[in-house]
1. What nm distance separates the two modelled labels at I89 and K61, each placed 7 Å from Cα along Cα→Cβ?
2. Let me check against my output: what whole-number percent is the relative contact order of region 6-67, with C-alpha pairs under 8 Å and at least 6 apart?
3. Can you count the Lys pairs in the chain with C-alpha separation below 15 Å, eight or more apart or on different chains?
4. Using alpha-carbon pairs under 8 Å, 6+ residues apart, how would you state the relative contact order of the chain in percent?
5. Compare the peptides 31-37, 106-112 by average per-residue count of other Cβ atoms within 10 angstrom and give them in order, highest first.
6. So if I place +1 on the C-beta of Lys and Arg and -1 on the C-beta of Asp and Glu, and nothing else carries charge, what would the dipole magnitude of the chain be about its Cα centre? I want it in debye, nearest 20.
7. Please find the FRET efficiency linking A117 to Q2, where r is the Cβ-Cβ separation and R0 is fixed at 30 Å, and quote it to the nearest 0.05.
8. Once the Cβ-Cβ distance between N18 and E134 is put in as r, and R0 is 30 Å, what FRET efficiency do you end up with, to the nearest 0.05?
Amino acid sequence: MQITKHKVAAIHYTLTDNEGNILDSSSGREPLHYIHGIGNLIPGMEEGLEGKTKGDKLNLKVSPEKGYGVKSDALMQQVPRSAFGDQKIDVGMQFQTNQGQVVTVTKVGLDSITVDANHPLAGVELNFAVEVLEIREATEEELAHGHVHGPGGHHH
Ligand code: ZN
């Protein structure tokens with residue numbers, strides 16, 4: 001069986017940046033289960049896994065455009081310092097906005113704080129080492145919910 005649209009695939013993966021730092025890995029954890037072709041994974045991963053079969057190992061280089069996007073200046077915002085009250089603010093601190101977005105402080109000024117709402121991996125070229133462990137058909141219910149059920153998926 002090949003990985004095509006609406007198949008459930010279980011994969012192990014290790015993600016490194018171009019300097020070889022490991023950013024994320026499923027090693028030592030349960031494999032990642034996902035439904036192919038519905039946007040569960042970043043586009044570069046789905047393209048690379050299309051047509052692969054059980055046991056395949058691959059190395060994927062994913063550009064920011066097919067990963068977590070390029071950094072957008074529009075997502076950098078200056079917020080008046082008063083919005084943070086008496087709290088001490090340092091570069092690198094993260095806050096959740098009222099819309100549920102996570103922002104990171106990139107600059108602390110006297111009157112204003114600059115926060116960045118870009119994804120932490122925006123603008124980063126991603127290197128994935130992937131191994132395909134299992135492939136099966138997705139159930140009607142999984143497709144209706146848009147996520148995998150059972151082992152490695154949602155339990156509800
Ligand atoms: Zn569900």
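What follows draws every value from the coordinates through simple rules; no lab data is involved. Predicted model, so just to flag it, every value in this text is computed and none were measured. Every residue, glycine as well, gets a Cβ built from its backbone with ideal geometry; the counts of neighbours run over all protein chains shown.
1. It works out to 3.9 nm between the two label points.
2. Relative CO of region 6-67 lands at 28 percent.
3. 4
4. 35 percent
5. Ranked from most to least packed, the peptides come out as 31-37, 106-112.
6. Numbers: 13 positive and 21 negative charges, 17 e Å.
Dipole magnitude for the chain comes out near 80 debye.
7. Here the calculated transfer efficiency is 0.20.
8. Numbers: r = 30 Å, r/R0 = 1.01.
Taking R0 as 30 Å, the efficiency between N18 and E134 is 0.50.
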